[in-house]
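Below: one structure, written as structure tokens.
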Amino acid sequence: MNIECSVEKLKRAAQTGERMTGKNLTLPILSSLLLVASGKSLKVRATNLSLGIEVEIPAKVTTEGVLAVRGDTLSQFLSSLDGNQMITLKEVGDTLSLATKESRATIKTFPYEDFPTIPVVDGESFKLPLEKFVSAVKAVSYSGSTSDIKPEIASVYLYTDSSDLVAVATDSFRLAEKRVRISNVPDISGIIVPNKNINEIIRSLDGMSGELSVVFTKNQISFSFDDTYITSRLIDGVFPDYKQIIPKTKTTSVVVLRSELQGALKAATVFTDKFNQITFTVDVARKHFSINAKNTDIGEHTTDIPAALSGEDVTVSLNERYVIDCFQSITADSISIDFLGNSKPVIFKGISDQTFTYLAMPMNR
């Protein structure tokens, strides 16, 4: 191999790929990046067997070749270089020689024959604006479980409903649903993407714009955009029938400014207990909406928040962290909080954006 390419493009490809390498002691090749030079491009590949990526960048190829190098070593070296220059990559024996005008390095290579093949997914497909897909998944992924004991909820669930692509995630204590309108989408009954994978996929696509091509089968899904191709395994399981726990009626409604609610929660943080418990109290007759936090070792705090109230009096305790989390998905100036009764789930929505629904379960302690 003997090529020349842009430091900036190679740096982005290596850093993106390195995040998807594996840390499998029995398969050390998974910690490598596979570099494939042919034609007028260099392809950078990485996989941990559950997730795979290929990024293709333009290159002046003098000698074609294939080699594997440690992903973290290559990524860290490139991060130290000025991106506005060219770099030469040359295979010398069992090493890769890298050189710019000011800097030179050699990195040991590994037998590339052991590197797994990144699958080409061939199945149903659809296209949508990349920004819409990223916004949908980012709006819900933090609500998925962080434990793999139940893989079907340590995931993001995708399906279509009429002209909407719907993204859902839950850890059984809270649930987030985001809808985005797209055209020419096939009927998708349900795709379950592991949370660890979808977060890396979004991280790789975030900040870009254009059209994203999605192809899926029963077991795999792929995402293609410009010079990037990503594949992920899918969870073979059944996502909870979450619509059953989203009530159709409410007993109490509160409309509050987002900034007021955030300020009250910030103050309550100082006084929450080890369970992060806060208590919402609505007194309709007195026109009072308050948040209370109590810690026997520290003290107690109550904030009265200006709000528009309707319905019945209600008191519900929630995990404060779960409430704060939903602000990253609600950008509206005003928030509606729907209560279903004492010690029952609470639903949060933005007043001007009904495409996002967030449900938090009560804390009964």
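The values are calculated or read from the model by the stated rules, or taken from the named source; none is laboratory data. Small disclaimer: the values here were computed from a predicted structure and weren't measured. We place every Cβ from the backbone using ideal geometry, glycine too, and count neighbours over all the protein chains shown.
Whenever a residue of segment 101-121 is assigned by TED's automatic domain parsing to the domain that holds VAL36, its partners that are among the acidic types (Asp, Glu) and assigned to a loop (DSSP other than H, G, I, E, B), lying with C-beta atoms within less than 6 angstrom and at least six residues away or across chains, give the pairs THR109/ASP94. Considering only segment 134-149, I want to know if a residue exists there that is touching a residue at least 12 places away in the same chain (Cβ under 8 Å), out of contact with any Phe, Trp or Tyr (no Cβ under 9 Å at 6 or more places or on another chain) and among the aromatic types (Phe, Trp, Tyr). Among the residues of segment 134-149, at least one is touching a residue at least 12 places away in the same chain (Cβ under 8 Å), out of contact with any Phe, Trp or Tyr (no Cβ under 9 Å at 6 or more places or on another chain) and among the aromatic types (Phe, Trp, Tyr), which makes the answer yes.
Sort through LEU81, LEU96, LEU67 and tell me the only one that's assigned to a loop (DSSP other than H, G, I, E, B) and either over 28 Å from the mean Cα position of the chain (by Cα) or charged (D, E, K, R) (or both). After ruling out the rest, the residue left standing is LEU81. The one condition from (1) among the small types (Gly, Ala, Ser); (2) crowded, with 16+ Cβ neighbours inside 10 Å; (3) without any contact (Cβ under 8 Å) to a residue 40 or more places away in the chain; (4) over 21 Å from PHE348 (Cβ atoms) that SER189 does not meet is (2).
Output the residue which, of all residues in segment 250-270 that are out of contact with any Ser or Thr (no Cβ under 9 Å at 6 or more places or on another chain) and of a type outside the set (D, E, K, R), is nearest to ALA308 (Cα to Cα). Step by step, filter segment 250-270, then rank; the result is LEU261. The listed residues are GLU64, GLU131, GLU113, GLU102, and the only one of them that is on the phi < 0 side of the Ramachandran plot and touching a strand residue (DSSP E or B) at 6+ places or on another chain (Cβ under 7 Å) turns out to be GLU64. Is it the case that ASP164 is farther than 27 Å from PRO28 by Cβ, acidic (Asp, Glu) and modelled with pLDDT under 95? For ASP164, the condition - farther than 27 Å from PRO28 by Cβ, acidic (Asp, Glu) and modelled with pLDDT under 95 - is met.
Could you tell me whether SER183 is under 30 Å from THR88 (Cβ atoms), in the same structural domain as THR228 (by TED's automatic domain parsing) and either part of a loop (DSSP other than H, G, I, E, B) or at pLDDT below 95 (or both)? The answer is no for SER183.
Which of the residues belonging to segment 303-360 are more than 21 Å from ILE278 (Cα to Cα), β-branched (Val, Ile, Thr) and buried (at least 17 other Cβ atoms within 10 Å of the Cβ)? Across segment 303-360, the qualifying residue is only THR355.
Count of segment 68-105 residues, restricted to those that are exposed (fewer than 14 other Cβ atoms within 10 Å of the Cβ) and among the polar types (S, T, N, Q), is 5.
Residue count for segment 63-112, restricted to those that are of a type in the set (Gly, Ala, Ser), more than 14 Å from LEU34 (Cα to Cα) and in contact with a helix residue (DSSP H, G or I) (Cβ under 8 Å, 6 or more places away or on another chain): 3.
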